[in-house]
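One structure below.
Coordinate-derived values only; no laboratory data. Note that the structure is predicted; figures quoted are calculated from it, not measured. Neighbour counts run over all protein chains shown; Cβ positions are idealised from the backbone, glycine included.
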Amino acid sequence: MGFMIRRVCFGGILVALLCSRVGLAWGVELIVHPGVSAIEVSRPLARLIFGAKVTRWEDGSAVRVFVLPDESLLHQEMSKGILDLYPYQLRTAWDRVIYTGIGQAPVQVANESEMRKQVASVPGAIGYLGRVQKNDKVRALLVR
C-alpha cells in the first residue's frame, strides 16, 4: 500500500513538473514589426536570429533584435523555452559578435511596454512579450 501511494505521488509530481515546463516554454510569444513578412520561424532560426548570426529577413530587410535585461524572468523563459539556451549563452554570443566587429548586439529595453513600442516602431524588429494583445501594433510570430 505504501509503495502504491509513493508511486502515485511521484507520478503526480512528475506530471506537474512536465506541465509547468511546457507552460514556461510557451508563456512567451515572439513578436515582430507588422512589416516583417515572416509568419513563422523554426526554433533553430530563432536561435540564430537572437544569437546575432542571422541579420536579414528572407526579403533582405535588416533584422533588429530587442531583448529584456538578462535578469528578467521573461527573458529567461524566452531563452530557455523558445531558444533552448541559457541567457548567459546568448550574452556570450553577443559579446563575441561585438568583439569581432561582425555585428551588433540586440537593443536592451527596460520592460514589456517599451518592448512593445520599440518593436512596433522599428522596421524589421523582433522581440518577445508575455502575451500579445488584440490591439497591439505588433504581430505574433509562430515558432515551430
> Taking square-rooted eigenvalues a ≥ b ≥ c of the alpha carbon gyration tensor, is region 30-75 rounded, prolate or oblate, where a/c under 1.5 means rounded and, failing that, a/b exceeding b/c means prolate?
Replying inline: prolate
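Pull out a ≥ b ≥ c, the square roots of the eigenvalues of the alpha-carbon gyration tensor of region 44-134, then state rounded if a/c is under 1.5, prolate if not and a/b is larger than b/c, and oblate in the remaining case. It would help to have the intermediate numbers written out before the result.
Working: a/c = 1.56, a/b = 1.12, b/c = 1.39.
Oblate is the answer for region 44-134, as a/c is 1.5 or above yet b/c matches or exceeds a/b.
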> How large is ³J(HN,Hα) for each residue in region 74-87, as worked out from phi by the Karplus curve 6.51 cos²θ - 1.76 cosθ + 1.60 (θ = phi - 60°), to whole Hz, x for Gly and Pro?
Replying inline: 5, 5, 5, 5, 5, 4, 6, x, 9, 8, 6, 10, 8, x
> For the pair TYR86 and GLU58, what calculated FRET efficiency results from E = 1/(1 + (r/R0)^6), where r is the Cβ-Cβ distance and R0 = 25 Å, to the nearest 0.05?
Replying inline: 0.35
> Applying the Karplus parametrisation 6.51 cos²θ - 1.76 cosθ + 1.60 with θ = phi - 60° to the phi angles of region 39-47, what ³J(HN,Hα) value in whole Hz is obtained for each residue in order, glycine and proline being reported as x?
Replying inline: 9, 8, 9, 7, 4, x, 5, 4, 4
